[in-house]
Structure formats: structure tokens, C-alpha cells
Amino acid sequence: MQYSVREIKAKPGEKLRIKLTNIGSMPAQTMSHNWVLLKKMDTAGVNALAMAAASKPNHLPDDLSAIIAHTKMLGPGESDTIEVTAPSESGSYPYLCTFPGHAALMNGQFIVE
Ligand SMILES: [Cu+2]
């Protein structure tokens, strides 16, 4: 239960195509994954967002203002490709999986420089 990529680097404003594939085989109800890119925030902020997302049916918080981009929630064998425009401001932007309990292991940094 980990991302194969823990760090993504991009230039400010660069357009990237992000493809997430769930290579697991456990049922979607118990083990689904997504990729959610957040605005700059500290670990406490990421944890708070993960908590807010956990109880929601779609595993996204009601307040989407901190989310830059996200894939669909994927069951086993599914994949989703999204286009992401890197923020114009350099720095480190956290990403995570918002399936309940996954953020602690499934996270990474999107680095704009
Ligand atoms: Cu996950």
C-alpha cells in the first residue's frame, strides 16, 4: 500500500499527465486508492484533510478549496489519467491517498522548482 512514486518534480506552470493505476487485487470496498494533490500545507493540515475526507462517501472533503487536482478513487486493476498544471509558486506540495487510513503510508511531495 504505497505509491511507486514518492516525489514528483515540475517547473512552475508545467503541464503534467499523471496516471495512477491500482495494481492491487483486494476488493474496492476495502482497498481503493486515489491521488490528491494539495496546496502547500504542513503535516497537521494534511492529516486534518485526510480525516475530513475519510467519512465521506467519495473520500473527498466537503471543502475542496485546498485540493489542486485529484484522480478518481480506483478499485483493483483500474487506472485514471489526469492533467495537472503545476502551481506557479515554487515549493513543496503534498499529495496523498484519501481512502480511510491510507494517508500515513500513501503520500508524497510534488516539488515545483
Ligand atoms: Cu490508498
Exercise. For the chain, which whole percent of the accessible surface, found with a 1.4 angstrom probe, sits on carbon and sulfur atoms?
Worked result: 54
Exercise. Any idea what the alpha-carbon Rg over 2.2 N^0.38 Å comes to for the chain?
Worked result: 1.00
Seminar exercise, completed: Amide H neighbours of L74 at under 5 Å, excluding residues fewer than 5 places away on the same chain, with H built from the backbone geometry, are H33, N34
For this session: Name the long-range amide H neighbours of N107: under 5 Å, sequence gap of 5 or more, or other chain; modelled H, no Pro or chain starts.
Result: Y3
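With charges set only on the Cβ (+1 for Lys and Arg, -1 for Asp and Glu), what does the dipole of the stretch 6-87 come to about its Cα centre, in debye to the nearest 20?
260
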For this session: Let me know the charge dipole size of the stretch 58-113 about its Cα centre in debye, to the nearest 20, where only the beta-carbon of Lys, Arg (+1) and Asp, Glu (-1) is charged.
Result: 160
Exercise. Amide H of M41: which non-local residues (sequence gap of 5 or more, or other chain) have their own amide H closer than 5 Å, using H built in the peptide plane?
Worked result: none
Problem set entry | Alpha carbon convex hull of the stretch 12-71, projected area averaged over orientations, nm² | 5.2
Exercise. From the backbone phi of the stretch 51-58, what are the Karplus-calculated ³J(HN,Hα) couplings (6.51 cos²θ - 1.76 cosθ + 1.60, θ = phi - 60°) in whole Hz, Gly and Pro given as x?
Worked result: 5, 5, 7, 4, 7, 7, x, 9
Exercise. Per residue, how much accessible area does the chain show when a 1.4 Å probe rolls over the protein heavy atoms, in square angstrom?
Worked result: 56
For this session: Per residue of the stretch 6-23, in order, report the coupling 6.51 cos²θ - 1.76 cosθ + 1.60 (Karplus, θ = phi - 60°) as ³J(HN,Hα) in whole Hz, putting x for Gly and Pro.
Result: 9, 8, 10, 10, 8, 8, x, x, 5, 8, 10, 10, 10, 10, 10, 10, 8, 8
Exercise. What ranking, highest mean first, results for peptides 33-39, 72-78, 22-28 when packing means the other Cβ atoms within 10 Å averaged over each residue?
Worked result: 33-39, 72-78, 22-28
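The values are calculated or read from the model by the stated rules, or taken from the named source; none is laboratory data. Please read all numbers here as calculations on a predicted model, not as lab measurements. In this analysis, Cβ positions are derived from the backbone assuming ideal geometry, glycine residues included, and neighbour counts consider all displayed protein chains. The area values use the complete protein model at the heavy-atom level, side chains included, leaving out ligands, DNA and RNA. Shrake-Rupley method; radii C 1.70, N 1.55, O 1.52, S 1.80 Å.
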